[in-house]
Structure formats: C-alpha cells, structure tokens
Amino acid sequence: MARLDDSRPFLPVTIAVLTVSDTRTPDTDTSGATLAARIAAAGHHVAVRAIEKDDAGLIEALLRRWIADPAIDVVITTGGTGITGRDVTPEAFDRVLDKRIEGFGELFRMLSFQKIGTSTIQSRAIGGVAGGTYLFALPGSTGAVKDGWDDILVHQLDNRHRPCNLVELMPRLQEHLKAAE
C-alpha cells in the first residue's frame with residue numbers, strides 16, 4: 001500500500017499552471033486559483049500562472065516556452081480537455097509530448113467515475129513528459145482540479161511517496177538525449 005517515507009526529504013518542485021479558456025479572467029479563474037493554492041499548500045512552488053484561449057497553436061507555444069525553461073519541473077493545465085470543438089488541450093499536448101503517461105488519464109477517469117459516474121467519459125485528461133518536464137492536463141471544473149491534485153498529483157509529486165513517485169525519476173527523464181550525444 002502507498003505510504004509516505006518520512007526518512008526521505010521532501011523535495012519541492014516548481015510548477016507552472018495554465019488555465020485554458022475563452023471566458024476566464026484572473027478574477028474568475030477559480031480552477032487555476034484552486035490548483036495554485038493546493039500546490040503551494042503542499043510545499044511546492046508556483047513558477048507562473050497564465051490563462052490562454054482554446055487555441056492549440058497558442059497553447060503549444062506556451063507549453064514549449066515552459067518546457068524549455070529549466071526552472072519549471074511540471075506544467076499542469078486546467079480546461080480544454082472535453083469533447084467540444086473548442087476543447088483542444090490534448091491536441092496541443094500531442095504536439096509537444098515525448099512520452100505519454102497513460103496511467104494518469106486512466107486513473108483520473110477511474111477516480112472521477114466514483115464521483116460523477118459515466119459522465120467521466122467526456123474527459124480527455126492526459127499526462128506525459130516533454131523535454132524532461134512533466135505535463136498534466138486536467139478538466140476545467142474546480143472539482144476535477146481537486147480530484148486530480150488531491151487524489152493523484154500531490155502524491156506522485158512528493159519524493160517521500162512510496163513505493164515510487166515521479167520526482168525521483170526527474171534526473172533520468174532526459175537520458176535518451178544524453179545517449180544520443
């Protein structure tokens with residue numbers, strides 16, 4: 001069973017938060033605010049927070065900037081993961097990801113099913129790695145952000161989480177690039 005190993009040090013990570021929405025503003029972005037507050041409460045650093053329109057090219061450009069920034073370890077987005085014509089966050093992720101973390105979306109939908117039932121099939125939550133940076137896309141509702149952070153990411157982004165976690169893998173995420181040199 002998963003547990004925290006208190007003999008290991010807590011290693012804070014630096015996280016960028018992106019809200020994808022055509023309608024949200026800094027004053028109405030409750031999902032982004034909720035996520036940023038939870039990140040800080042867990043002891044991590046919020047590097048930057050932004051809002052971008054539902055435009056795959058604009059989302060991709062911002063993701064690429066953050067992936068290229070060595071100070072950012074993780075990018076978490078909220079919004080744009082549905083199935084309507086304007087929901088394009090997964091498509092933007094597909095343009096930048098080196099590897100998908102299939103289990104993230106699967107686990108998110110499994111946990112979400114317990115709360116919203118079959119409506120969870122409308123979520124295209126996705127996770128992956130690009131350029132040594134973790135990327136996770138959550139739905140835009142505040143409830144979904146809480147579920148994704150509280151039930152998955154807070155644990156996987158804690159170096160003390162056993163039997164394993166994503167933080168301990170960070171130094172090895174770019175091994176394939178070093179081998180090519």
Problem set entry | Over the chain: helical MRE at 222 nm, DSSP H runs n ≥ 4 each giving -39500 (n - 2.57), nearest 500 | -10000 deg cm²/dmol
For this session: Would you give the gap between the C-alpha center of the range 151-174 and the C-alpha center of the range 16-91, rounded to a whole Å?
Result: 20
Problem set entry | Cβ-defined net charge surrounding Ser21, 15 Å radius [Lys, Arg +1; Asp, Glu -1] | -3
For this session: Could you work out how far apart the two model spin labels at Thr84 and Asp27 are, taking each label as a point 7 Å from the Cα in the direction of the beta carbon, and quote it in nm?
Result: 2.2
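Write down the percent of antiparallel bridges among all DSSP beta bridges whose residues are both part of the range 48-181, to the nearest 5.
The antiparallel proportion sits near 60 percent.
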Exercise. Between Ala50 and Lys146, what length in nm is gained on full extension when 0.36 nm per residue of separation is reduced by their alpha carbon distance?
Worked result: 32.7 nm
For this session: Would you please state the base-10 log of I(q)/I(0) at q = 0.10, 0.14, 0.19 1/Å for the chain, with intensities from the Debye formula using one equal scatterer on every alpha carbon?
Result: -0.36, -0.73, -1.36
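Read the figures in this text as sums done on the coordinates, not as results from a lab. All values derive from a computational prediction rather than experimental measurement. Using ideal geometry, Cβ is built from the backbone for each residue, glycine included, and neighbour counts are taken over all protein chains shown.
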